[in-house]
Amino acid sequence: MAQFFLLIISVFVLMLPVSKQDLTPALSEGQHVYTLWGESFISLNNRFLIYLPVHYLSQPDKSWPLLIYLHGASERGTNPSLIKKAGPPMEAVKRDFPMIILSPQCLPKNRWNPIELNQFVQKVIGILQVDPNRIYLTGKSMGGFGAWDFATQFPDRFAAIVPISGGGDTTQAVYLAGKSVWAFHGAKDQVVPVSASREMVDAVNRAGGKAKLTIYPNAGHNVWDKTYSNPNIYEWLLQQTK
């Protein structure tokens, strides 16, 4: 019942217009904390991180690829700076990226809700210069589960997904058969068994997809530091399009 009401609310909210004034502070290049005003989410903080590439503001007619990052359980809260502890937000502090990076924050004791995430993403990309054919999704641990869930429920939004140390509902994997999927997991993960990623990848491929899985043979749960610091991941993503 709660899921039904969230769906009704999200459809109504998506019909409302957005403008750059809904977002503060004013957009600037690099990674900053922003607030989306006029929104009330059950599971999401209305403060979050956005990384804008160099030359974003000087090229107002250009549409940029967008990478959405879903953090793990330890980064939940009301302080978006926590998200910089790992993943693309941490990497964005060290180097430049030729894409927008959007990093929402899950509120304490909540998990990623695909319906609210879709509502949130739709609002924010309405303010940004996003190429709708090059929207990518990634997440680690709790965010890896969130990435699988978000992508299977709203597959038309994404060109590619990179779930790390997560898992999902194999009965829904058919919806990713036409998407680019690259999953990562540690063989010695004692938090989320490697079988969780393997079963999802196998299910996508049984449905006719071309998902791939990289297993780190000597790694435990944290394989995201190694994965997100690898430039090849971002190069692969940028090659994917709907």
Once normalised by the length of the chain, the mean sequence separation of its alpha carbon contacts under 8 Å that are 6 or more apart gives a contact order in percent of 17 percent
Spin-label model distance (nm) - Asn133 vs Val174, 7 Å beyond Cα toward Cβ = 2.8 nm
Stretched fully, the stretch from Gln153 through Lys226 gains (0.36 nm per residue minus C-alpha distance, one decimal, in nm) 23.5 nm
Helix-only mean residue ellipticity at 222 nm for the chain, each DSSP H run of n ≥ 4 adding -39500 (n - 2.57), per residue, nearest 500 = -8500 deg cm²/dmol
Computed FRET efficiency, Cβ-Cβ of Ile215 and Trp37, R0 41 Å: what is it to the nearest 0.05?
-> 0.40
Between Lys188 and Asp96, the FRET efficiency computed from the C-beta separation at R0 = 41 Å comes out, to the nearest 0.05, as 0.75
Please work out the Cα center distance from region 70-122 to region 20-45, rounded to the nearest Å.
-> 13 Å
At a Förster radius of 25 Å, what calculated FRET efficiency corresponds to the Cβ-Cβ distance of Gln239 and Val54, to the nearest 0.05?
-> 0.75
For region 90-242, size of Cβ-based charge dipole, Lys and Arg +1, Asp and Glu -1, in debye | 60 debye
Most fluctuating of Pro98, Pro80, Pro60 in the GNM of the chain (C-alpha, under 10 Å) is Pro60
Output the antiparallel fraction of DSSP beta bridges having both residues in the chain, as a percent to the nearest 5.
-> 35 percent
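All of the numbers you see were taken from the coordinates with simple rules; none came from a lab. Just so it is clear, the model here is predicted, and its values are computed rather than measured. Every residue, glycine among them, receives a Cβ derived from its backbone with ideal geometry; neighbour counts consider all protein chains shown.
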